[in-house]
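Reading through the structure tokens given below for one structure.
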Amino acid sequence: MTTAASIPAIDFRNVSFALPGGNLLLDRISLTLGEGTTTAILGRSGSGKTTLLRTVNRLLEPTSGEVFLGGQNARDRELIALRRSIGYVIQEVGLFPHFTLERNVALVLEAEGVPLDKRIRRAHSLLAAVGLDPHPFALRYPRQLSGGQRQRAGLARALAADPPILLMDEPFGALDPLTRLEMQQMMRTLLRQFKKTVVLVTHDLDEALYLADHIILLDSGCTIANLTPAEFLHSAQPEVRAYVHAFRRDGLANPTPGPAVSEAAS
Amino acid sequence: MSFLSQNASTILTLTIEHLWLTGAAMFFAAAIAIPTGIFLARSPRWARPVIGLANILQTIPSLAMFGFLLPLPWLGDRAARIAIVALTAYALLPILRNSYAGIRGIDPALVEVARALGLTSRQRLFKVELPLAASFILAGLRTATVTCVGIATIAAAVGAGGLGELIFRGVASVDNRLVLAGAIPAALLALAADAALGLLERWTKVPSA
């Protein structure tokens, strides 16, 4: 299993992270995420999901252990280049209020010195890809958008430099259920279209089942499950059952696992 | 009214002198305090001592400040130098505090995204932090300017000129017309500076969502 083709896109090797006070947020996490796969990270608030995500683009450096990206230690990569090769989407979106959408979306390209006409063209095509018609949206400011539209723009921005890795931290958590559903459907389409390695932090089991190939359950900074969606739903492991039960207590929802199920079966 | 026509050119000269003293001081204060404020925002553990120091400068009575600077070697040679240094010292605090607070006050999500996008620290400063903090920094500049236009009248006590000269002369000769001839233009200058910088401040303000 160690042929060149199977070098994992992201490989956490014994990653721990402790706050200066000694509080351990990640406890020797080891995980490999295959290229082009989508991995959902579930867990309670404070279980270390976001912390783990942030070690990938080195917003946080592990206190011990390493993160390897495509077989290379993230620590050995030049920080700016590393971050530009990783898309990042967060719940608050973080669109810059003083820039138009096209400038927001193309900011990484601007930072890299890509010529104006080229980066504007790129911004327009990305806006269209996430369902925002460049006319009129390209010249709008973030304050003129709804929450869902902002999140779309945030996604377009994360894709601007065509990064092989996409980190998403509860991207749809602040949206109303209908908008969230639309976004998840769009996301699934986009994931099929662009082969990205995606790490998706979420609270939403349905979202994980719908979008991910693998589901990881974290608790107190430890990995307690690493399963496919189908396995996750039918797991006998008490922590996993508790998590599934929390979503299924009304017995009404009927989960529709994502593309992963067929892959898992094959 | 013959008083005005007799003194018009003096008033004008002194007004220009006044503007020059204040303007030069504001230039130096901004050149010192804005970069320092940016530095403090990035290394907050220095913020308390440095802002504290600027705060102490602010509490020195202005007449005393001019007095302290008088015997200093190079400064004492020219009264205008003393005035500019003293005014600069007074202008530091509001500009420093607002630059610091303006940058620290930027939504942390924006700062995080700017880092995650791979902006260099320079790009972060010029593309994100300064534009978003600009109206704050200008507000500090505005407070400092209005204060300094007022304090600059006292610079006449050390012979630095400016509109204070008319006020001091008026007080000495118990001539209210002279006092007013200094005080009114000084007040108008302060109001004009306040209005102009206020306009600039509003213009750079980024509307929130």
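Bear in mind that the values in this text are calculations on the coordinates, not laboratory data. In this text the structure is predicted, and so the values were computed from the model without any measurement. Don't worry about glycine lacking a Cβ; one is built from the backbone with ideal geometry, like all the others, and counts go over all protein chains shown.
Assorted remarks:
- Exercise: per-residue mean of other protein chain Cβ atoms within 10 Å, A:94-102: 5
- Computed over region A:1-115, relative contact order equals 26 percent, with contacts defined as Cα pairs under 8 Å that lie 6+ residues apart.
- Ranked by how many other beta carbons lie within 10 Å on average, peptides B:143-155, B:49-61 from highest: B:143-155, B:49-61
- Cross-linked pairs A:Lys49/B:Lys127; B:Lys127/B:Lys205; A:Lys195/B:Lys127: Cα-Cα separations exceed 23 Å for A:Lys49/B:Lys127; A:Lys195/B:Lys127.
- Mean per-residue shielding of peptide A:79-92 is 3, counting Cβ atoms of other chains within 10 Å of each Cβ.
- Inter-chain Cβ neighbour average for residues A:154-167, partner chain, 10 Å: 1
- Only Lys, Arg, Asp and Glu carry charge here, each on its Cβ (+1 for the first two, -1 for the last two); on that basis region B:2-204 has a dipole of about 640 debye about its Cα centre.
- Highest to lowest packing among A:67-74, B:196-203, A:7-14, scored as the average C-beta count within 10 Å: A:7-14, A:67-74, B:196-203
- Sequence-distant contacts, meaning Cα pairs under 8 Å at least 6 residues apart, place the relative contact order of chain B at 26 percent.
- Taking every DSSP beta bridge that has both ends in the protein assembly as shown, the antiparallel portion is near 50%.
- Rg/Rg_ref, the protein assembly as shown, where Rg_ref = 2.2 N^0.38 Å and atoms are Cα: 1.33
- Sorting the segments A:219-231, B:158-170 by their mean number of nearby beta carbons within 10 angstrom, highest to lowest, gives B:158-170, A:219-231.
- Sorting B:Thr204, A:Thr197 by the number of Cβ atoms found within 10 Å of their own Cβ, with the fewest placed first, yields B:Thr204, A:Thr197.
- Global geometry of region B:2-204, whether rounded, prolate or oblate, following the gyration tensor of its Cα atoms and the 1.5 cut on a/c: prolate
- Kirkwood's formula applied to the C-alpha pairs of region B:38-100 gives a hydrodynamic radius of 12.7 angstrom.
- Radius, Kirkwood style, for region A:118-231 when every pair of distinct Cα atoms is counted (Å): 15.2 Å
- In terms of surrounding Cβ atoms within a 10 Å radius of their Cβ, A:Glu182, A:Glu170 rank from fewest to most as A:Glu182, A:Glu170.
- Long-range tail of P(r) for region A:1-134 (Cα pairs > 22 Å, %): 50 percent
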